[in-house]
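Novice: What follows is a single structure, and I will ask about it in a moment.
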Amino acid sequence: MLKITATFIDEITGDIPHQNWLADDWDKDFAAMKAIGIDSVTMIRCGHGRWITHPSKVLEKEVNAYTPVTDLTKLFLDLAEKHGMKFYFGNYNGGFHVRGNYRKEIDINKAVCEEAWERYGSHPAFAGWYLTQEVGRLQWNIIEVFHELGKFCKELSGGLPTAISPYIEGIQLYDPFRTGVNAGKSVTLPDFEREWNEIMAGITGCVDTISFQDGGCDYSELEDFLTVACYAGKKHGITINTNVEAFDRDMPIRFLPIKWDKMLLKLRAAEKAGVAGATMFEFSHFMSPNSSYFQAHGLNRCYQHYLAGGFETSENQ
């Protein structure tokens, strides 16, 4: 049975609503994470556009960032320590590499990470780094971005681990309701294998863990993609995990908590592929008993039933 032991925290959101929680709300949610076996949290990004999680002179200068009311980075670090969890710091998502200026993406993030390490690096819960630049294919000078930022963060922090979470550029990433129209955009398994072998070869020693987002491809293809990723990871000395998307890509409303049957399909596919572990995106919105989405409360109960050994008889009937 594959268990989820980590989650992202998406507070600087791009396409899901803020829940407007205070410190005691977050405390309650960290306790709920711990109750189902989650022992590490990754703040998915410290900033996106002008919105940031903590006061940053670098981002105020470079992107005219708004100073936040609450230092969420410190809050999450303190709560991680309180609940016996590890915290991974996600860097700034400027998107400059996507727009052709990968050098600016690297330079800003070096300054951001240096500033964050000086401020929070001595915190007992600070366990490593997450490079938030998402990618599905060999594009946008992504090898240079991951290599240089991963190497910099490791040297800055005395070798703390680094991680990325790319997506699989399959049909679900475009429009699952118009398969015939968009199928040509999907990556083939041979291209996925070739490109990710090349990416991994270029980031070995700079990135320790890759958690592939599991929602981009069709459910029936996920095991094959993750199996190929695991083979490549072993070849290049990189740990391969699955990133279980707890939101539903099959619904016309984006994004709602996922139907449990679909999540179970993905967990089983990842287990068969041989991934090292599972993180999720993301507990607080989509699987928390405290979520503003009522459907998330049910998903939490279903997952707890799964942990207790439920749903195991249906697979072979």
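The values are calculated or read from the model by the stated rules, or taken from the named source; none is laboratory data. If you're wondering where the values come from, they're calculated on a predicted model, not measured in any experiment. Methodologically, a virtual Cβ is constructed for each residue, glycine included, from the backbone with ideal geometry; neighbour enumeration extends over all protein chains shown. Heavy atoms of the whole protein, side chains included, go into the accessibility calculation; ligands, DNA and RNA do not. Shrake-Rupley method; radii C 1.70, N 1.55, O 1.52, S 1.80 Å.
Novice: Hey, what did the chain get for relative contact order, percent, Cα under 8 Å, at least 6 apart?
Specialist: Relative contact order of the chain: 17 percent.
Novice: Which entries of Lys154/Lys272; Lys61/Lys110; Lys86/Lys154 show an alpha-carbon separation above 22 angstrom in the structure shown? Numbers along the way, then the final one.
Specialist: Details: Lys154/Lys272 32 Å; Lys61/Lys110 14 Å; Lys86/Lys154 17 Å.
Checking Cα-Cα distances, Lys154/Lys272 exceed 22 Å.
Novice: Could you work out [θ]222 nm for the chain from helices alone, using -39500 (n - 2.57) per DSSP H run of at least four and dividing by all its residues? Round to the nearest 500 deg cm²/dmol.
Specialist: -13000 deg cm²/dmol
Novice: What do you get for trypsin sites (Lys or Arg not before Pro) in region 1-84 restricted to DSSP loop and a cutoff of at most 11 other Cβ within 10 Å of the site's Cβ? Present the calculation step by step, with values, prior to reporting the outcome.
Specialist: On the way: sites: Lys3, Lys28, Lys34, Arg45, Arg50, Lys57, Lys61, Lys74, Lys82; in loops: Lys3, Arg45, Arg50.
Passing sites in region 1-84 are Arg50.
Novice: Percent of accessible area on the chain owned by carbon and sulfur, 1.4 Å probe?
Specialist: C and S fraction of accessible area: 51 percent.
Novice: Continuing with the same structure: Assuming a ≥ b ≥ c are the square roots of the Cα gyration tensor eigenvalues, decide whether region 257-297 counts as rounded (a/c under 1.5), prolate (otherwise, with a/b larger than b/c) or oblate.
Specialist: Working: a/c = 4.36, a/b = 1.99, b/c = 2.19.
In terms of gyration-tensor shape, oblate.
Novice: What dipole magnitude, in Debye to the nearest 20, does region 266-317 give about its Cα centre under +1 on Lys/Arg Cβ and -1 on Asp/Glu Cβ?
Specialist: 40 debye
Novice: Turning to a different aspect of this structure: Using only the Cα atoms of region 196-317, build the gyration tensor, take square roots of its eigenvalues as a ≥ b ≥ c, and label the shape rounded, prolate or oblate: rounded if a/c is under 1.5, else prolate if a/b is larger than b/c, else oblate.
Specialist: Prolate, since a/c reaches 1.5 and a/b exceeds b/c.
Novice: Hey, another quick one. Report, ordered by chain and residue number, the lysines lying within cross-link reach of Lys185, taken as a straight Cα distance under 18 Å and ignoring same-chain residues fewer than 8 apart.
Specialist: none
Novice: Which aspartates and glutamates does Lys82 reach when only Cα atoms under 16 Å apart count, and residues fewer than 8 places away in its own chain are ignored?
Specialist: Asp24, Asp25, Asp27, Asp29, Asp39
Novice: So, one more: Pick from Val244, Val63, Val41: which residue has the top mean-square fluctuation in a GNM of the chain where Cα pairs under 10 Å get a spring?
Specialist: Answer for the Gaussian network model of the chain: Val63.
Novice: Can you give me the accessible area per residue for the chain, using a 1.4 Å probe, in Å²?
Specialist: Details: 13510 Å² over 317 residues.
Counting only protein heavy atoms, the per-residue value for the chain is 43 Å².
Novice: What ranking of His297, His18, His54 comes out by heavy-atom accessible area, probe 1.4 Å, highest first?
Specialist: Solvent-accessible surface, decreasing: His18, His297, His54.
Novice: Further question: For the chain, what is the charge dipole size about the Cα centre, in debye to the nearest 20, if Lys and Arg each add +1 at the Cβ and Asp and Glu each add -1 at the Cβ?
Specialist: Roughly 140 debye for the chain.
Novice: Where in the chain is the longest stretch that carries no GluC sites (Glu not before Pro) classed as loop by DSSP and with at most 13 other Cβ atoms within 10 Å?
Specialist: 1-311
Novice: Which one of Leu264, Leu131, Leu77 has the biggest mean-square fluctuation once the chain is modelled by GNM with Cα springs under 10 Å?
Specialist: Maximum among the listed residues: Leu264.
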